[in-house]
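Undergrad: Quick one: the structure is below, questions incoming.
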Amino acid sequence: MLEIKNLHVTVGGQEILKGLNLTISDGEVHAIMGPNGAGKSTLSYAVCGKDGYEITQGSITYNGKNLMDMDPNERAGEGLFLGFQYPVEIPGVSNMNFLRSALNSQRRYRGEDEIAAVDFLKLIRAKAAELDMDPEMLKRPVNVGFSGGEKKRNEMVQMAVLDPSLAVLDETDSGLDIDALKIVATGINRLRATDKSILMITHYQRLLDYVVPDYVHILAAGQIVKTGGKELALELEEKGYMGLGITESAA
Amino acid sequence: MVATQEAKQTVQDVTGEYKYGFVTDIETERAPKGLSEDVIRFISAKKDEPEWLLAWRLKAYQKWLTMEEPTWAMVDYPKIDFQDIYYYSAPKSAEDGPKSLDEVDPELLRTYEKLGISLKEQEVLAGVAVDIVFDSVSVATTFRKKLKEAGIIFCSISEAAHDYPELMKKYLGSVVPVADNYYSALNSAVFTDGTFVYIPKGVRCPMELSTYFRINEANTGQFERTIIIADEGSYVSYLEGCTAPQRDENQLHAAVVELITHDDAEIKYSTVQNWYPGDKDGKGGIYNFVTKRGACRGKNSKISWTQVETGSAVTWKYPSCLLIGDGSVGEFYSVAITNNYQQADTGTKMIHIGKNTSSTIISKGISAGKSEATYRGLVRVMAGAENARNFTQCDSLLIGDKCGAHTVPYIEIKNPTAQVEHEATTSKISDEQLFYCQQRGLETEDSVALIVNGFCKDVMKNLPMEFAVEAQKLLGISLEGSVG
Ligand SMILES: Nc1ncnc2c1ncn2[C@@H]1O[C@H](COP(=O)(O)OP(=O)(O)O)[C@@H](O)[C@H]1O
Ligand SMILES: [Mg+2]
């Protein structure tokens, strides 16, 4: 269970999150929507521990452990995964090598044995196939020269292999055509089927047609201003933020 | 590697078959400090050298006396007092070395551990007196036998001076003339160690030759001299150095390496250099001033240099190719890492002399800490070199903002048919890349190592397999503490 209490985060000297509260219990799927610049990516970075995202007040705990004391890789070892809004390119490092190093590092953190090379190969091939990824792409350098859709698909393959207990997906659906969107939804639903928790950050109701959330939150001006069920997303789509009485500027 | 290192020593101990050099009279004193004709005579006498070689050394010494230490490289170090150096010392006897690992620099041991080197191997590398394991004898003897059957000569340079004087006379100094530069002249006068390899016509050397297998060499030489000759249609891959740092008390290293390929022959020369770089504040460390050059004398012959340079406080090194034979090929693949206060000025020279010659240069420089790395490369196409081609790719990666990377390409074209391409990039490891790796579970240092290995991939893939794996680990270790 992820518990965020009264979270204040400052970035570049400016307070972006201003007392955010959010609780995600095991197996739940939450969606966060909100206008541009509301602080959605900031929330995902603060949860995962990116440098420069300074927590000035409040707390983040995961399964009772204080995440704020942990390095990003330790949080990953605890089961956190971040699907990046803009996945990063790493020239010269094959997807396969990257992911095996990452998985083994997580396993070492958890005191587990490293995965045997053969087992890893089987695992990654199976996950790539489930998500319709050409196995050749596994040999290519991480995200280098990938199209937008391919990068997002790659995030899903990584998620499937690392098998996190909580996935934070930052606009994984943005800029995708309908086929790519369906692939992403498949990835999320497979994770969901194993009773993992998911936090989807999205601009569009469209993803929520494929992955139906348990809760929808609206983040504006650094706080969660409204929470509801899946209908809230539909209502938002229909009326817009203004129609729901949400202003984009800071409260 | 351990096995071979041990084997080397074992065979030495067991067979005691060396007729020459200091191995047999290991107890003798070293030459007095400083350089003079007498010291050179002493060295030559110790090695029981033929008269012509002594004369050659003395001539080199006279030449050296007239030369000036070069200052054009982008490196900065206190002036070397050449009279304050021992030019000949017998190998350290067991009593001089540490008695156990407890007496060895813990920093060195930590590196061994990270490289996954066994305790036994650590002792050998650190120069601890150890009992030699016997079952490894067979490795080296089998190896020697196999080479002998193929007609390959693989021995120390001193042995070669005795046993193969004709070959030595013909090739010594034929690629790097004595007076080529200040350090080659010095080396010619005082070299005490090194390897001699001759691959006969049509022979493909059945294994990678590594300095580890070279028997009769007790220490890493301060002034090494290496000659490798590949006769017509032959092939050899040679590995120099080791990924594990060795105990070494010599501050100045000035080696000379000469490679010669005849028609249709190929030499692949790989180096991993990991000498002591000095501490975090830039104290200590080795000065490495090397002259490495290959001559592709025969048509369609090929020389390929691959180097991974992570050590030394100051490096000054330009493995080069003289492309004389028509259709000959020169390659230079280099990774140079500098951290803390290290300085490296390295690169290559490709001299196109024959027709249809081609060369490839891939240089990857990584600078971290307060270090400075310079790529200095020359591509020269002579008037007679019709249809010469060169491709140069020079990439620099910066870690942090206190280090520097410089690229100094010289291109001289005297034939209009030449095709020369030069590409250069400078990049930084971004916070985004680091966070991405960390978020997937990698620790900071592993993330840096992974990104750097990716950056160097085009070079690393040219290393022989066994070397490559260790070299990868080494890149990570060299960059420790460079981020966050
Ligand atoms: N590194 C930074 N330095 C300064 N301001 C930043 C930085 N990163 C984000 N911000 C600001 O923080 C606010 C929230 O950004 P972000 O979390 O990316 O919003 P969202 O993902 O909801 O669109 C924006 O006003 C943005 O300009
Ligand atoms: Mg965002």
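Undergrad: Averaged over its residues, how many other protein chain Cβ atoms are within 10 Å of peptide B:428-438's Cβ atoms?
TA: Averaged over the peptide's residues, the number is 6.
Undergrad: For the range A:6-111, calculate the relative contact order in percent as a whole number, restricting contacts to Cα pairs under 8 Å that are 6 or more residues apart.
TA: Answer for the range A:6-111 is 25 percent.
Undergrad: Continuing with this model, one more query. Taking the DSSP beta bridges in chain A as the whole, what percent of them are antiparallel, to the nearest 5?
TA: Of those bridges, close to 60 percent are antiparallel.
Undergrad: Continuing with the same structure: Per-residue mean of other chain beta-carbon atoms within 10 angstrom of the beta-carbon, peptide A:91-98?
TA: 5
Undergrad: Mind checking how much accessible area B and A bury in total, 1.4 Å probe, in Å² rounded to 100?
TA: 2000 Å²
Undergrad: Need one number: nm distance between label points at A:Glu136 and A:Asp71, each 7 Å from Cα along Cα→Cβ, rounded to one decimal.
TA: Label at A:Glu136, label at A:Asp71, 3.8 nm between them.
Undergrad: Moving to a separate point now. List the aspartates and glutamates whose Cα sits under 12 Å from the Cα of A:Lys196, skipping any in the same chain fewer than 8 residues away.
TA: The qualifying aspartates and glutamates are A:Asp26, A:Glu28, A:Asp163.
Undergrad: Pull up the cross-link candidates among the aspartates and glutamates for B:Lys170, meaning alpha carbon to alpha carbon under 18 Å and not fewer than 8 places away within one chain.
TA: Straight-distance partners of B:Lys170: B:Glu49, B:Glu51, B:Glu159, B:Asp180, B:Asp231, B:Glu232, B:Glu258, B:Asp263.
Undergrad: What's the carbon and sulfur percent of the range A:2-243's accessible surface, probe 1.4 angstrom, rounded to a whole number?
TA: On the range A:2-243, the fraction of accessible area on carbon and sulfur atoms equals 46 percent.
Undergrad: Ok, one more. Which whole-Hz couplings ³J(HN,Hα) result when phi for each residue of the range B:45-60 is put into the Karplus expression 6.51 cos²θ - 1.76 cosθ + 1.60, θ = phi - 60°, listed in order with x for Gly and Pro?
TA: Along the range B:45-60, the couplings run 5, 4, 8, 6, 7, x, 4, 4, 6, 4, 4, 4, 4, 5, 5, 4 Hz.
Undergrad: Using a 1.4 angstrom probe on the protein heavy atoms only, could you order B:Asp431, B:Asp279 from most to least accessible area?
TA: Descending accessible area places them as B:Asp431, B:Asp279.
Undergrad: Here is a follow-up. At 1.4 Å probe size, put A:Arg108, B:Arg440 in order of accessible surface, largest to smallest.
TA: The residues order as A:Arg108, B:Arg440, largest area first.
Undergrad: Sorted by accessible area with a 1.4 angstrom probe, largest first, how do A:Ile183, A:Ile55 fall?
TA: Heavy-atom accessible area, descending, gives A:Ile55, A:Ile183.
Undergrad: If you don't mind, there's one more thing I want to ask. Count charges around A:Asn66 for me, please; just the other residues with Cβ under 15 Å from its Cβ, Lys/Arg as +1, Asp/Glu as -1.
TA: After counting each charged neighbour, the total is -2.
Undergrad: To continue, here is another question. Along the charge dipole of chain A, which of A:Ser174, A:Val161, A:Tyr109 sits closest to the positive end, that is, farthest toward it, with unit charges on the beta carbon of Lys, Arg, Asp and Glu (+1, +1, -1, -1)?
TA: So the residue furthest toward the plus end is A:Tyr109.
Undergrad: Something else about it: Only helices at least 15 Å long along their axis, Cα-based, and averaging -0.5 or more on Kyte-Doolittle count here, so list those DSSP H runs from chain A.
TA: Qualifying helices, which must be both long enough and hydrophobic enough, are A:117-130, A:178-193.
Undergrad: Give me the inter-chain shielding for B:316-327: mean count of other chain Cβ atoms within 10 Å, whole number please.
TA: 0
Undergrad: What does the net charge come to around A:Tyr204 if you take all other residues with beta carbon closer than 10 Å to its beta carbon, with K and R at +1 and D and E at -1?
TA: -3
Undergrad: Now a separate question. Count the DSSP beta bridges whose two residues both fall in the protein assembly as shown, then state the antiparallel fraction as a percent rounded to the nearest 5.
TA: Taking every DSSP beta bridge with both residues in the protein assembly as shown, the antiparallel ones total about 20 percent.
Undergrad: Past 27 Å, Cα to Cα, is the threshold; run B:Lys145/B:Lys461; B:Lys169/B:Lys299; A:Lys152/B:Lys428; A:Lys18/B:Lys402; A:Lys152/A:Lys230 against it and keep the listed order.
TA: The answer is B:Lys145/B:Lys461; A:Lys18/B:Lys402.
Undergrad: Let me ask something additional. Any idea what the relative contact order of chain A is, in percent, if you count C-alpha pairs under 8 Å spaced at least 6 apart?
TA: 27 percent
Undergrad: With Cβ to Cβ distances under 13 Å as the rule, what net charge do the other residues near B:Arg380 carry (K, R +1; D, E -1)?
TA: Here the count lands on +1.
Undergrad: Over 20 Å between Cα atoms: which of B:Lys370/B:Lys457; A:Lys5/A:Lys226; A:Lys127/A:Lys182; B:Lys349/B:Lys370; B:Lys364/B:Lys473 fall into that group?
TA: Beyond 20 Å: B:Lys370/B:Lys457; B:Lys349/B:Lys370.
Undergrad: Can you tell me the dipole magnitude for the range A:17-167 around its Cα centre, using point charges on the Cβ only (Lys, Arg +1; Asp, Glu -1), in Debye to the nearest 20?
TA: The calculation lands at about 220 debye.
Undergrad: Between B:Ser320 and residues 5 or more places away or on another chain, which pairs have amide H atoms under 5 Å apart, with H built 1.01 Å from N, and which residues are they?
TA: The list, which skips near neighbours in sequence, is B:Lys292, B:Arg293, B:Gly294, B:Lys349.
Undergrad: Straight-line reach from B:Lys79: which aspartates and glutamates have a Cα under 14 Å away, not including same-chain ones fewer than 8 places off?
TA: Once the sequence-local aspartates and glutamates are set aside, what remains near B:Lys79 is B:Glu68, B:Glu69.
Undergrad: Using +1 on the beta carbon of Lys and Arg, -1 on that of Asp and Glu, and nothing else charged, what's the dipole of the protein assembly as shown about the Cα centre, debye to 20?
TA: Dipole magnitude for the protein assembly as shown comes out near 1440 debye.
Undergrad: Go through B:169-182, A:146-159 and give me the packing order, highest mean Cβ count within 10 Å leading.
TA: Ranking, from highest mean packing down: A:146-159, B:169-182.
Undergrad: Hey, what did the range A:145-192 get for relative contact order, percent, Cα under 8 Å, at least 6 apart?
TA: 52 percent
The values are calculated or read from the model by the stated rules, or taken from the named source; none is laboratory data. Please read all numbers here as calculations on a predicted model, not as lab measurements. No Cβ is skipped: glycine too gets one built from the backbone with ideal geometry, and neighbour counts run over all protein chains shown. Heavy atoms of the whole protein, side chains included, go into the accessibility calculation; ligands, DNA and RNA do not. Shrake-Rupley method; radii C 1.70, N 1.55, O 1.52, S 1.80 Å.
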